[in-house]
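Undergrad: Sharing a structure, written as structure tokens. Questions coming.
Derivation of every value follows stated rules applied to the coordinates shown; laboratory data play no part. Since we're looking at a predicted model, the values are computed, not measured. A quick note on method: Cβ atoms are made from the backbone with ideal geometry, for glycine too, and the neighbour counts reach across all protein chains shown.
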Amino acid sequence: MIRKIVLAMVLALAAGAVVAQEKVDINTADAERLAAALDGVGEVRAQAIVEYRQSNGDFPSVAALTSVTGIGPATLESNRDRLTVGGVD
């Protein structure tokens, strides 16, 4: 019985890890998706990303995300493995 519970917990954690590794395209994601997927990015910063993109066009690279007010190098680095622009990291 305990073995089944432990196995179920391990499988649930593994499934969560797979979902967490899904890339987020910063050129197409809406604010809700950005806020849900990125560490240190809430609704306000996520909306700022969308507004920046609408005003300035698509981000040419993941690193360009730091052009958005409130997104610094630390936020970028903690999320870099989850970010993409058009399928390119």
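Undergrad: Calculated FRET efficiency, residue 61 and residue 2, Cβ-Cβ r, R0 41 Å, to nearest 0.05?
TA: After rounding, the FRET efficiency stands at 0.25.
Undergrad: Could I ask something else about it? Stretched out fully, how many nm does the piece from residue 78 to residue 33 gain, at 0.36 nm a residue minus the Cα gap?
TA: 14.5 nm
Undergrad: How much net charge surrounds residue 40 when only the other residues with a Cβ under 15 Å from the Cβ of residue 40 are counted, with Lys and Arg +1 and Asp and Glu -1?
TA: Net charge in that neighbourhood comes out at -1.
Undergrad: Starting from the 7 Å offset along Cα-to-Cβ, what nm value, one decimal, do you get for the label separation of residue 88 and residue 47?
TA: 3.2
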